[in-house]
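Take a look at the structure below.
The values are calculated or read from the model by the stated rules, or taken from the named source; none is laboratory data. Since the structure is predicted, the reported quantities are computational estimates derived from the model, not experimental observations. Because the Cβ atoms are built from the backbone with ideal geometry, glycine has one as well, and the counts that use them run over all protein chains shown. To get the accessible areas, we keep the full protein, side chains included, count just its heavy atoms, and leave off ligands, DNA and RNA. Shrake-Rupley method; radii C 1.70, N 1.55, O 1.52, S 1.80 Å.
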Amino acid sequence: MTDAIINVNGDSVQMLDIMLLTTVLTLLPSLVVLMTSFTRYIVCLSFLRTAMGTQQTPPNMVLVGMALILTLFTMTPTVNSVREEALDPYTAGEITQEEFFERAQGPLKDFMIRNTQLSTVRLYCDMSGVDAPETVEEARELLRTAPGVKLMDDPAHNVYPMPVDTSNQDLVYVGRIRRDLADRHMLNLWCCGDQIRKGAAVNAIQITQLVIQKYFA
């Protein structure tokens, strides 16, 4: 089976490119909510409408449209950076798909870290009860002794956690711990867990218990 098809102009189109485009279009609403300023805009506009006492005027669709326009203006520098640093070299055949993903992460991560309050970062560090690790070795040692976590990280033998390994259990498998290529002060890792059992149920209960024990006990 070939890895390319022929488009209407007679040019070769990589199957992986088509799959990537389909995936991006499917995840686009989630990406807009999680990785842009859209959520802040829509929340502020909703609060403003409530404070004005206008009930449902303007309607939600108008608020969403206004939030999208404001998000477009806000994200234009970041999108331009992704296009210049990752998309243009990739379409020109100068870099591989792996390099494209690595380069595209940089501007997005810079935007999100600049717009994350220090108090929010400190909150998660305080809830964990430990200092943030600075090296890959420190992260491995910290995760090796963390409750509810199983470290599966052996790059020399290509041993990494997979979703099938975590089915029907509460443990979270962690691996592929590595230094971020875009920001040398950050570490990346791969987490796998049973999203129905651990992610949707047990995790919420454990977080609530931790907050009660730490701040209300």
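Does Phe111 satisfy the condition of being at pLDDT 80 or above and either open to solvent by 50 Å² or more (accessible area, probe 1.4 Å) or in a helix (DSSP H, G or I) (or both)? So Phe111 passes the test. Only one of the numbered conditions (1) out of contact with any Lys or Arg (no Cβ under 7 Å at 6 or more places or on another chain); (2) open to solvent by less than 90 Å² (accessible area, probe 1.4 Å); (3) at pLDDT 80 or above is not met by Thr145, and that is (2). Put simply, of Thr120, Thr116, Thr78 the only residue that is crowded, with 17+ Cβ neighbours inside 10 Å and either acidic (Asp, Glu) or under 22 Å from Arg40 (Cβ atoms) (or both) is Thr78. Just one of the listed residues (Ala217, Ala201) is of a type in the set (A, V, I, L, M), outside any helix (DSSP H, G or I) and modelled with pLDDT under 80, and it is Ala217.
Restricted to the range 79-106, and to residues that are of a type in the set (A, V, I, L, M) and assigned to a helix (DSSP H, G or I), which residue is nearest to the chain's Cα centre (by Cα)? Lay out the reasoning, then the answer.
Initially, the range 79-106 is screened for residues of a type in the set (A, V, I, L, M), giving 79, 82, 86-87, 92, 95, 104.
After this cut, where a residue has to be assigned to a helix (DSSP H, G or I) as well, the list is 79, 82, 86-87, 104.
Numbers: Val79: 16, Val82: 16, Ala86: 18, Leu87: 19, Ala104: 13 Å.
Checking each candidate, the answer is Ala104.
Going by what's in this entry, would Ser81 be described as of a type in the set (S, T, N, Q), out of contact with any Ser or Thr (no Cβ under 8 Å at 6 or more places or on another chain) and at pLDDT 75 or above? The answer is yes for Ser81.
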